[in-house]
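Chemist: Dropping the structure in here first, questions after.
The values are calculated or read from the model by the stated rules, or taken from the named source; none is laboratory data. Note that this is a predicted model, so its numbers are computed, not measured. Note that each Cβ is placed from the backbone with ideal geometry, even for glycine, and that neighbours are counted across all protein chains shown.
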Amino acid sequence: MLFNSHAFIFLFCPVVFLVYYVVASASYRAALAWMVAASLFFYAWWNPPYVFLLAGSAVFNYLVGAALDHYPRHRKPLLAAGVGTDLLLLGYFKYTNFFIDTLNAFGAGPFATAQILLPLAISFHTFQQIAYLVDTYRGETRHYRFLDYLFFVVFFPQLIAGPIVRHDEIIPQIAARSTLRFDWRNAALGITFFSFGLFKKVVIADYLSQPADLVFNAAGATRFSFFEGWLGAVAYALQIYFDFSAYSDMAIGLALFAGIRFPLNFFSPYQARSIIEFWRRWHMTLSRFLLAYLYIPLGGNRRGRARRYLNLMLTMLLGGLWHGAAWTYVAWGGLHGAYLIVNHAWRSLPLSRRWAAARLWGAGSFLLTFGAVCIAWVFFRAGSFAAALEVLSSMLGRHGMRPAFSHMPEARHYLLAVSAAGLLAFFAPNIYVLTERFAPTLTDIANFLRGRFPAALAWRPVIPWALAAAGAFATGALLINRDSPFLYFQF
C-alpha cells in the first residue's frame, strides 16, 4: 500500500487512527497492539506471505537481544549469530542474483538466476535490528517488552523507507504511557507535513520523472545532446530529491498523528556547500547508522589519515551496495567515497580556510557540490554501466553541444518544471525550518540553519496555513492517477 494512494489516504489512515485513539483513551497497550496489527496488514498488502518473514525476523532478534541480556558470558557468539543471521537473510534475498550475475560476467558460469522476490524494506528493518543487537551487546539497552519492540520494528510510517530509527528513540516514547489523548496540535502538524509531502511526490517528483526517464531509458539507443543530457540528469537529481523528501515528510506527519516523533531524515541537502555537509543532510539516519556501526568500528579517523580515507571509501562502497544489488550502485558509493576523501583532504589544507572566507566561495562550492552529486546520480539511476557512460557522454558534449532538444518534444515544459523545482530545492526554507518552534522531530536543527527567515512565514495552526495545507492535499489527491512507488521502496 502506497502513501500516495486513495486506499491509504481515504480508507486505511482514517480507520487506523480512529480506532487507535478510541482504544488508547482506555488502554494504550491495546492501542499499541492495534497499531502493530495495522502495520502488519499494511505490509501484507504488498505480498501477504512476506509478513511472516518480517514478523519472524522481529521475533528472532528480540529473542537474541533477550539472550544477550541473560547470558553475558556468551555475548560474542550470540551477537555473531544474531547479526550473521540478519545479514544472511538480507544477502539471500537481495544479493543472490547479484552474486550469480557477477560470476557469469567473469566467466565462472553460466549459472541460472534464482526466482527471488525482494521483500519490501528488508534493508531498513534489518539495519534497525542489527543496531539494536549491537547496542544490547554493548550494554546500552535494557530489555524491552515484546509489544514495544514489535512496534519499534513494524510501525508503518517508517517501515518501508525509513527513517532508520533507533530503539532508544521510539520505545521510550511509548513504554511509559498508559493512555494517550488526541492532540490537536500534533494532528495539525501531521496533516501539514503529510499534505505538503503528498504534493511534492505527486505534483513535482512524478512529473520530473518524465524527462529523467526519457533520457535514461533511451540511453544508448538515442544520442542526446549536451543540453538534453544535463536536463535528464538534473531532472533525476530533483526527482529523487523531492521523492525522498516527500516520503520523509509524510512519514514524520503520520508519526505525529500517532503521537510519535521521529528523528530528522532529510534537511535540504541540495543547499549543502560540500559533500561532507550533503551527507549530513541526505538520508541522515542512514549516515548515522554507517558512522556508528561501520565507519567507527573500522577505526574511523583514529589510525592516521590514510586509514581514515580507506575507512571512508569502504563505508561508502558498502553504503552504495546497501542501496541496490548492482555494480552501478557500488560505483555511486565509490564516487561519493572519493568525493569525501577529497573534501576532507581539502579541509586539512591552510589554503581552504582562506578561500572559505572569500565572498564567491559559497556560491562556487554550492555549484561544485551539486554538479558532483548530479554526476554520481547518473550511475545510481542508469540500468547499466553502458547506459551511465552514454548519459555522461551526452553531458560532456560528445553527441553535440548545440542548444537543441530534438529528442524532447516537451522540452519547454520540462525546463520550466526543472527550473521551478531547482529554485525550491536550492533556496526555499523547508518545512522543518518553518515549524521549528513546535519541534516536530527529535533532531535539533540549529546546526543546520544559515541566517533567519521572516517570522511571518513560520507555521502556526491558523487559517492561512490550514488553507495552504488543504490546497496541497487536494491537488495531490486529485492528481493521483497511477501507482507510483517511492524511489526508496526498491532499497
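Chemist: Which residue, of 410, 436, is acidic (Asp, Glu) and under 20 Å from residue 248 (Cα atoms)? Working first, answer last.
Modeler: Values: 410 fails: under 20 Å from residue 248 (Cα atoms).
The match here is 436.
Chemist: When the residues of segment 373-397 are filtered to those that are among the small types (Gly, Ala, Ser) and more than 9 Å from residue 226 (Cα to Cα), which remaining residue is surrounded by the most Cβ atoms within 10 Å (Cβ to Cβ)? If you could, list the steps in order and put the result at the bottom.
Modeler: Quick first cut of segment 373-397, residues among the small types (Gly, Ala, Ser) only: 376, 382-384, 386-388, 393-394, 397.
With more than 9 Å from residue 226 (Cα to Cα) added as a condition, the list becomes 376, 382-384, 386-388.
Values: 376: 21, 382: 25, 383: 13, 384: 14, 386: 10, 387: 21, 388: 22.
The extreme case among them is 382.
Chemist: Shifting gears a bit: Only residues in segment 56-74 that are closer than 22 Å to residue 40 by Cα count as the first member; pair them with residues that are in a helix (DSSP H, G or I) and of a type in the set (S, T, N, Q), Cβ under 6 angstrom, at least 6 apart or cross-chain, and list the lot.
Modeler: Hits for this filter: 61/129; 65/136.
Chemist: Can you spot a residue in segment 71-81 that is farther than 20 Å from residue 293 by Cβ and among the hydrophobic types (A, V, I, L, M, F, W, C)? Even if it seems obvious, please write down each step before you answer.
Modeler: From segment 71-81, those farther than 20 Å from residue 293 by Cβ are 71-74; that's our starting set.
Cutting the leftovers down to among the hydrophobic types (A, V, I, L, M, F, W, C) gives us none.
The answer is no; no qualifying residue exists.
Chemist: Could you say which residue among 126, 113, 102, 141 is at pLDDT 90 or above, out of contact with any Phe, Trp or Tyr (no Cβ under 6 Å at 6 or more places or on another chain), among the β-branched types (Val, Ile, Thr) and farther than 30 Å from residue 462 by Cα?
Modeler: On the way: 113 fails: at pLDDT 90 or above; 102 fails: at pLDDT 90 or above; 141 fails: at pLDDT 90 or above.
The conditions single out 126.
Chemist: Another question, if that's okay. Return yes or no: is residue 26 touching a residue at least 24 places away in the same chain (Cβ under 8 Å), touching a His at 6+ places or on another chain (Cβ under 9 Å) and under 30 Å from residue 181 (Cα atoms)?
Modeler: Working: touching a residue at least 24 places away in the same chain (Cβ under 8 Å): yes; touching a His at 6+ places or on another chain (Cβ under 9 Å): no; under 30 Å from residue 181 (Cα atoms): yes.
So residue 26 fails the test.
Chemist: In addition: Of all residues in segment 388-427, count the ones that are closer than 16 Å to residue 378 by Cα and acidic (Asp, Glu).
Modeler: Of the residues in that region, 1 qualify.
Chemist: Looking only at segment 190-222, which residues are over 21 Å from the mean Cα position of the chain (by Cα), assigned to a helix (DSSP H, G or I) and aliphatic (A, V, I, L, M)? Reasoning before the result, please.
Modeler: Looking only at segment 190-222, we keep the residues that are over 21 Å from the mean Cα position of the chain (by Cα), and these are 210-211, 214-222.
Remaining after also requiring assigned to a helix (DSSP H, G or I): 210-211, 214-217.
Matches in segment 190-222: 214, 215.
Chemist: Moving to a separate point now. Would you list the helices (runs of 4 or more DSSP H) that sit entirely within segment 98-184 and hold 3 or more residues that are closer than 28 Å to residue 69 by Cβ, assigned by TED's automatic domain parsing to the domain that holds residue 69 and of a type in the set (Phe, Trp, Tyr)? Give the derivation first.
Modeler: Working: elements: 122-137, 146-154, 156-159, 167-175.
The qualifying helices (runs of 4 or more DSSP H) are 122-137, 146-154.
Chemist: Given the structure, is residue 120 modelled with pLDDT under 95, in contact with a Phe, Trp or Tyr (Cβ under 9 Å, 6 or more places away or on another chain), buried (at least 16 other Cβ atoms within 10 Å of the Cβ) and farther than 21 Å from residue 330 by Cβ? Outline the logic, then answer.
Modeler: Values: modelled with pLDDT under 95: yes; in contact with a Phe, Trp or Tyr (Cβ under 9 Å, 6 or more places away or on another chain): yes; buried (at least 16 other Cβ atoms within 10 Å of the Cβ): yes; farther than 21 Å from residue 330 by Cβ: yes.
For residue 120, the condition - modelled with pLDDT under 95, in contact with a Phe, Trp or Tyr (Cβ under 9 Å, 6 or more places away or on another chain), buried (at least 16 other Cβ atoms within 10 Å of the Cβ) and farther than 21 Å from residue 330 by Cβ - is met.
Chemist: Return yes or no: is residue 325 closer than 22 Å to residue 380 by Cα, assigned by TED's automatic domain parsing to the domain that holds residue 295 and modelled with pLDDT under 95? Quick ask: steps written out before the conclusion?
Modeler: Values: closer than 22 Å to residue 380 by Cα: yes; assigned by TED's automatic domain parsing to the domain that holds residue 295: yes; modelled with pLDDT under 95: yes.
Yes.
Chemist: Could you list, in sequence order, all residues of segment 232-258 that are under 16 Å from residue 398 (Cβ atoms) and out of contact with any strand residue (DSSP E or B) (no Cβ under 9 Å at 6 or more places or on another chain)?
Modeler: Taking segment 232-258 first, the residues under 16 Å from residue 398 (Cβ atoms) are 232-233.
Of everything in segment 232-258, just one residue is under 16 Å from residue 398 (Cβ atoms) and out of contact with any strand residue (DSSP E or B) (no Cβ under 9 Å at 6 or more places or on another chain), namely 233.
Chemist: Could I ask something else about it? Please work out if residue 79 is surrounded by fewer than 18 Cβ atoms within 10 Å (Cβ to Cβ) and at pLDDT 95 or above. Working first, answer last.
Modeler: Details: surrounded by fewer than 18 Cβ atoms within 10 Å (Cβ to Cβ): no; at pLDDT 95 or above: yes.
For residue 79, the condition - surrounded by fewer than 18 Cβ atoms within 10 Å (Cβ to Cβ) and at pLDDT 95 or above - is not met.
Chemist: Now for a separate question. With 295, 270 as the choices, which residue is more than 30 Å from residue 485 (Cα to Cα) and touching a helix residue (DSSP H, G or I) at 6+ places or on another chain (Cβ under 8 Å)?
Modeler: Numbers: 270 fails: more than 30 Å from residue 485 (Cα to Cα).
After applying the criteria, what remains is 295.
Chemist: Quick one: which residue in 99, 93 is over 26 Å from residue 145 (Cβ atoms), within 29 Å of the chain's Cα centre (by Cα) and surrounded by 17 or more Cβ atoms within 10 Å (Cβ to Cβ)? Quick ask: steps written out before the conclusion?
Modeler: Numbers: 99 fails: surrounded by 17 or more Cβ atoms within 10 Å (Cβ to Cβ).
Of the residues listed, the single one that is over 26 Å from residue 145 (Cβ atoms), within 29 Å of the chain's Cα centre (by Cα) and surrounded by 17 or more Cβ atoms within 10 Å (Cβ to Cβ) is 93.
Chemist: Then there's this: Pick from segment 223-233 the residues that are assigned to a helix (DSSP H, G or I) and touching a Pro at 6+ places or on another chain (Cβ under 9 Å): which of them is farthest from residue 267 (Cα to Cα)?
Modeler: Residues of segment 223-233 that are assigned to a helix (DSSP H, G or I), as a first pass: 226-233.
Checking which are touching a Pro at 6+ places or on another chain (Cβ under 9 Å) leaves us with 226-228, 231-232.
Numbers: 226: 31, 227: 29, 228: 29, 231: 24, 232: 24 Å.
My answer is 226.
Chemist: Taking the condition of being of a type in the set (A, V, I, L, M) and either at pLDDT below 95 or surrounded by 19 or more Cβ atoms within 10 Å (Cβ to Cβ) (or both), how many residues in segment 8-21 meet it?
Modeler: Pass one, segment 8-21, residues of a type in the set (A, V, I, L, M): 9, 11, 15-16, 18-19.
Among the residues that remain, those that are also either at pLDDT below 95 or surrounded by 19 or more Cβ atoms within 10 Å (Cβ to Cβ) (or both) are: 16.
Of the residues in segment 8-21, 1 are of a type in the set (A, V, I, L, M) and either at pLDDT below 95 or surrounded by 19 or more Cβ atoms within 10 Å (Cβ to Cβ) (or both).
Chemist: Return the residue satisfying two criteria in turn: it lies in segment 20-40 and is out of contact with any helix residue (DSSP H, G or I) (no Cβ under 8 Å at 6 or more places or on another chain) and assigned to a helix (DSSP H, G or I), and of such residues it is farthest from residue 116 (Cα to Cα). Explain how you work it out, then say what you get.
Modeler: In the first step, residues of segment 20-40 are kept if they are out of contact with any helix residue (DSSP H, G or I) (no Cβ under 8 Å at 6 or more places or on another chain); the result is 22, 25-27, 37.
This time we only want the ones that are assigned to a helix (DSSP H, G or I), so: 22, 37.
Working: 22: 41, 37: 26 Å.
Taking the candidates together, the pick is 22.
Chemist: For segment 57-97, which residues satisfy the criterion of being farther than 19 Å from residue 325 by Cβ and acidic (Asp, Glu)?
Modeler: 69 - this is the single residue of segment 57-97 that is farther than 19 Å from residue 325 by Cβ and acidic (Asp, Glu).
Chemist: Right, another one. What's the total number of residues in segment 41-54 that are touching a residue at least 40 places away in the same chain (Cβ under 8 Å) and either out of contact with any Pro (no Cβ under 7 Å at 6 or more places or on another chain) or closer than 16 Å to residue 149 by Cβ (or both)?
Modeler: Initially, segment 41-54 is screened for residues touching a residue at least 40 places away in the same chain (Cβ under 8 Å), giving 42-43, 45-47, 50, 53-54.
Still in the list and also either out of contact with any Pro (no Cβ under 7 Å at 6 or more places or on another chain) or closer than 16 Å to residue 149 by Cβ (or both): 42-43, 45-47, 54.
Of the residues in that region, 6 qualify.
Chemist: Can you find even one residue in segment 288-311 that is touching a Leu at 6+ places or on another chain (Cβ under 6 Å) and either within 30 Å of residue 104 (Cα to Cα) or among the aromatic types (Phe, Trp, Tyr) (or both)?
Modeler: Going residue by residue through segment 288-311, those that are touching a Leu at 6+ places or on another chain (Cβ under 6 Å) are 311.
With either within 30 Å of residue 104 (Cα to Cα) or among the aromatic types (Phe, Trp, Tyr) (or both) added as a condition, the list becomes 311.
The answer is yes; a qualifying residue exists.
Chemist: While we're on this one: Looking only at segment 235-273, filter to residues that are buried (at least 24 other Cβ atoms within 10 Å of the Cβ) and among the charged types (D, E, K, R); which one of those is farthest from residue 31 (Cα to Cα)?
Modeler: Of everything passing the filter in segment 235-273, 243 is farthest from residue 31 (Cα to Cα).
Chemist: Turning to a different aspect of this structure: Among the aromatic types (Phe, Trp, Tyr) and touching a helix residue (DSSP H, G or I) at 6+ places or on another chain (Cβ under 9 Å), is that true of residue 98?
Modeler: Values: among the aromatic types (Phe, Trp, Tyr): yes; touching a helix residue (DSSP H, G or I) at 6+ places or on another chain (Cβ under 9 Å): yes.
So residue 98 passes the test.
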